[in-house]
Ligand code: HEM
């Protein structure tokens, strides 16, 4: 049950690619954690690898800000202005409390039966007994769930999926490279980002006159200190929720299929005892976090693990490395569905802890249960080489051909 670790072909500066799998990167992270718990790369970014250090960086927004404004080259538009994910207190607290009103754990849990229905529909529509799990299942399930959660008409779900994927495909640039930052701001502003905002603004206008159940109406009605959000703010929050929740959940669904295929004894155990599925999902999240690392920006001179870090630096806390820290997770390279405790950091930590964690768990647990119900056998096609999409924001299988026997 051990992740394939490649021989240490490890460059000192940048992490090895995960295009062909995690092996080399895990080996690099293990070495860095042991030898250089804080590592300054060629761009001057500080990478942090230990569990306690990653927690510290993500827990202290006063020192490690989420707002990139301070490191952006002069004159480059800060496209993330006003977004919860990159806001610091007090602005973050306000946005988070407003969004949380529309995102209660009860509302998320109540979605479970609908998740099962959607999963069943997707399985009915999937072509034959051999198909790409990413295209026919893992991308569609979260897109449909989020769209319904927003109260978006079914006929627009496809538009949503396309636009969100286009936005996510824009690789976030190295923030110290001015030309790259400008290029990616223009690509995003010029196209899919504006299209999605335009659509959501229109929907807000409609929902103000004709409220319907759903997150958009909930956000329009949410109130804090007598204040409500403007349409612009609601649309912007909705874009963030979409961006944060769609491809990440899709990635975890695909990673689950791959990991269970690599560990057939775990898959058999889950089929026999479905009560183990939630813990197995946590272990998938620990081993294969869809966001392997985050970014923070220092507000003043500071230090991590005794290493000085100057003000206005980019700091990169690695959740993937923290999740494999042997001081916290015994035998960290083992995929163990019985791991307990399993305090992985894949949903982040501190004030930005994932708002959609409950929803993501409901979706992945519901999907796995339905897949077990509907397929007596499910295996990854043996002749394929799985490649992984690798951007700063996302680590996800691009295509997972599966072979199934229907019940
Ligand atoms: C398994 C799937 C998911 C993973 C691994 C994940 C991971 C994360 C992580 C690591 C953060 C913290 C980012 C930071 O500290 O900079 C985060 C924040 C966030 N996530 Fe998720 N997420 C997932 C699914 C979702 C879903 C389904 C939604 C909503 C539909 C969602 C909405 C959000 C939002 C709104 C934030 C920002 C919270 C804040 O800034 O206070 N996520 N997520």
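The values are calculated or read from the model by the stated rules, or taken from the named source; none is laboratory data. Worth saying up front: this structure is predicted, and the values here are computed from it rather than measured. Positions of Cβ are backbone-derived with ideal geometry, glycine not excepted, and every protein chain shown enters the neighbour counts.
Go over the candidates 317, 332, 290 one by one and state the one that is part of a loop (DSSP other than H, G, I, E, B) and within 11 Å of the ligand (Cβ to nearest atom).
290 is the lone residue from the list that is part of a loop (DSSP other than H, G, I, E, B) and within 11 Å of the ligand (Cβ to nearest atom).
For every residue, the table says whether it meets (1) modelled with pLDDT of 95 or more; (2) more than 9 Å from the ligand (Cβ to nearest atom); (3) within 27 Å of residue 111 (Cα to Cα).
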site	(1), (2), (3)
354	yes, no, yes
359	yes, no, yes
364	yes, no, yes
378	yes, yes, yes
391	no, yes, no
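Restricting attention to the stretch 356-388, the residues that are under 22 Å from residue 320 (Cα atoms) and without any contact (Cβ under 8 Å) to a residue 24 or more places away in the chain total 1. Whether any residue in the stretch 215-225 is within 26 Å of residue 363 (Cβ to Cβ), out of contact with any helix residue (DSSP H, G or I) (no Cβ under 8 Å at 6 or more places or on another chain), surrounded by fewer than 17 Cβ atoms within 10 Å (Cβ to Cβ) and at pLDDT 80 or above is what I want to check. For the stretch 215-225, residues within 26 Å of residue 363 (Cβ to Cβ), out of contact with any helix residue (DSSP H, G or I) (no Cβ under 8 Å at 6 or more places or on another chain), surrounded by fewer than 17 Cβ atoms within 10 Å (Cβ to Cβ) and at pLDDT 80 or above: present. Every listed requirement among (1) farther than 28 Å from residue 20 by Cα; (2) touching a helix residue (DSSP H, G or I) at 6+ places or on another chain (Cβ under 9 Å); (3) assigned to a helix (DSSP H, G or I) is met by residue 275 save one, (2). Tell me yes or no: at least one residue of the stretch 394-405 is part of a helix (DSSP H, G or I) and within 13 Å of the chain's Cα centre (by Cα). Checked against the condition, which is being part of a helix (DSSP H, G or I) and within 13 Å of the chain's Cα centre (by Cα), the stretch 394-405 yields no hits at all.
Each residue in the stretch 132-160 was checked for being under 17 Å from residue 251 (Cα atoms) and either in contact with a strand residue (DSSP E or B) (Cβ under 7 Å, 6 or more places away or on another chain) or in contact (Cβ under 8 Å) with a residue 60 or more places away in the chain (or both), and 12 of them qualify.
I'm trying to understand the selection: among the residues of the stretch 83-100, which are in contact with a strand residue (DSSP E or B) (Cβ under 8 Å, 6 or more places away or on another chain) and part of a helix (DSSP H, G or I)?
Hits for the stretch 83-100 are 94, 97, 98.
When you scan the stretch 264-273, do you find a residue that is within 16 Å of the ligand (Cβ to nearest atom) and either buried (at least 18 other Cβ atoms within 10 Å of the Cβ) or under 22 Å from residue 358 (Cα atoms) (or both), even just one? No - not one qualifying residue is present in the stretch 264-273.
Please find, within the stretch 295-314, the residue that is nearest to residue 285 (Cα to Cα) out of those that are part of a strand (DSSP E or B) and either within 20 Å of the chain's Cα centre (by Cα) or within 16 Å of the ligand (Cβ to nearest atom) (or both). Give the steps one after another, and end with the answer.
Taking the stretch 295-314 as the starting set, the residues that turn out to be part of a strand (DSSP E or B) are 296-298, 302-304, 307-309, 314.
After this cut, where a residue has to be either within 20 Å of the chain's Cα centre (by Cα) or within 16 Å of the ligand (Cβ to nearest atom) (or both) as well, the list is 296-298, 314.
Numbers: 296: 22, 297: 25, 298: 28, 314: 25 Å.
Across the stretch 295-314, the extreme among qualifying residues is 296.
A single entry from 72, 139, 95 fulfils the requirement of being buried (at least 18 other Cβ atoms within 10 Å of the Cβ) and within 13 Å of the ligand (Cβ to nearest atom): 95.
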